[in-house]
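Below is one structure, written out as structure tokens; comments come after it.
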There are 2 protein chains.
Amino acid sequence: MEPHAHSHSHLHPSLDWQQHTLATLSDAGHRKGGARNAVVELLAAQDCALTAQEIDDRLRDGGRAVGRASVYRVLELLTELRLVQKIEVGQGIARYERHQPDGDHHHHLVCDNCGTIEPFEDPSLEEAIEQVSRRLSFAVDEHDVVLHGACSDCREQ
Amino acid sequence: MEPHAHSHSHLHPSLDWQQHTLATLSDAGHRKGGARNAVVELLAAQDCALTAQEIDDRLRDGGRAVGRASVYRVLELLTELRLVQKIEVGQGIARYERHQPDGDHHHHLVCDNCGTIEPFEDPSLEEAIEQVSRRLSFAVDEHDVVLHGACSDCREQ
DNA sequence: AGGGCTGCGAGACTGGTTCTCATCTAGACT
DNA sequence: AGTCTAGATGAGAACCAGTCTCGCAGCCCT
């Protein structure tokens, strides 16, 4: 499905992620499967989080329809293996995005007016979270910051 | 379920909150109503966030059953008036807790194993979030930090 | 006291997510 | 290559938090 992109440069993080993901799945004793591959390939090509519905739709549009159940199954599996991060910003809809192996990640701004979601990142915020995590009796291994407000479009109206 | 704790000292912030809430509702032009009062009274007595289901159940157990729709209506109204904060920590279930007028608030630790939710607070984390908020093109007016991990009970097993 | 408008509650409905189960297939074993 | 079996898949039913509808009740103003 990808006739070009054959330079095996490890410059592109999404390729790294896809290979790392498939390898991890294999190591964990999972067989190969069409649905799983399709979901992994799609996630590798995204910059920000997608909903399960969006994943399902895009795969269908791409000519590789996958059962609803399989989409959720794969996402749950990948989340357990920490290959994907599940994000819930509200409205009762979960979103999923690939979890970078290098720990690099971002958080999300949610416009409570139009529902838009934008990523942002901030090193000192990460630092603060890390410090908090250390002093708690909790074994923190994931965190999620969600800022609610009005996006630049909605605030001026 | 709490037979004591009925001293009417104004030292207790929950009483302040309850009065402030009822006054704000009145100022906003709302009439009094049994369901609303029941929900407000229940929320005032809580230390941490409750789900709509829990609110419904406790009111029913307390002999003041309230319609599902009313619970959600009241919570939505209170959230709009910033008297209550709506929190979504995952599992697609929203939780609600009173929003302190003095701005004092906490965030949440979620145990992904047993589902327990614990509050925590950290001034320097608040500071970091405030700084980030300022430099974004977003008009941030609410934030939410969720740490996922294993609680002290679950980590040792 | 009357009357209109707000608040309330029961139940139908929606939509995201999970469950069930029959079928298919990857990969190991002969 | 053929067989076998557990894991993978997909269609649809089931589930459940949350929303909507609508008729009734009660608050409050005149």
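The values are calculated or read from the model by the stated rules, or taken from the named source; none is laboratory data. Just so it is clear, the structure is predicted and the values come from calculations on it, not from any experiment. Glycine gets a Cβ as well: all are built from the backbone with ideal geometry, and neighbour counts include every protein chain shown. Surface accessibility is based on the protein's heavy atoms, side chains included, excluding ligands, DNA and RNA. Shrake-Rupley method; radii C 1.70, N 1.55, O 1.52, S 1.80 Å.
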Check your understanding: When Cβ neighbours within 10 Å are restricted to other protein chains, what is their mean count per residue of peptide B:122-134?
Key -> 5
**Study point:** Accessible area in square angstrom per residue, segment A:1-100, 1.4 angstrom probe
**Key:** 61
Check your understanding: What Cys residues in chain B are without a partner cysteine, judged by a Cβ distance under 4.7 Å?
Key -> B:CYS48, B:CYS114, B:CYS154
Revision key, fill the gap. Rounded to a whole number, the mean other protein chain Cβ count within 10 angstrom for residues of B:79-89 is 1
**Study point:** Convex hull projection area averaged over all views, segment B:106-157, Cα basis, nm²
**Key:** 4.3
Point to revise | Of the GluC sites (Glu not before Pro) in segment A:107-152, those whose Cβ has at most 14 other Cβ within 10 Å and which sit in DSSP loop | key: A:GLU121
**Study point:** segment B:98-142 and segment A:65-110: distance between their alpha carbon centers, rounded to Å
**Key:** 22
Practice item. Enumerate the lysines that B:LYS86 could reach by cross-link, defined here as Cα to Cα under 21 Å, with residues fewer than 8 away along the same chain left out. Key: A:LYS86
**Study point:** Share of carbon and sulfur in the accessible heavy-atom surface of segment B:1-135 [1.4 Å probe, %]
**Key:** 49
Exercise for review: Let me see the pair-distance distribution of the protein assembly as shown: every alpha carbon pair, 20 Å bin width, integer percents in order.
Suggested key: 27, 54, 18, 1
Check your understanding: Which value results when the Cα radius of gyration for chain A is divided by 2.2 N^0.38 Å?
Key -> 1.15
Check your understanding: Which residue, A:ARG135, A:ARG31, A:ARG98, tops the fluctuation ranking in a GNM of chain A built on C-alpha contacts under 10 Å?
Key -> A:ARG135
**Study point:** Cα→Cβ-extended label distance, 7 Å offset, between B:ASN37 and A:ASP47, nm
**Key:** 5.5
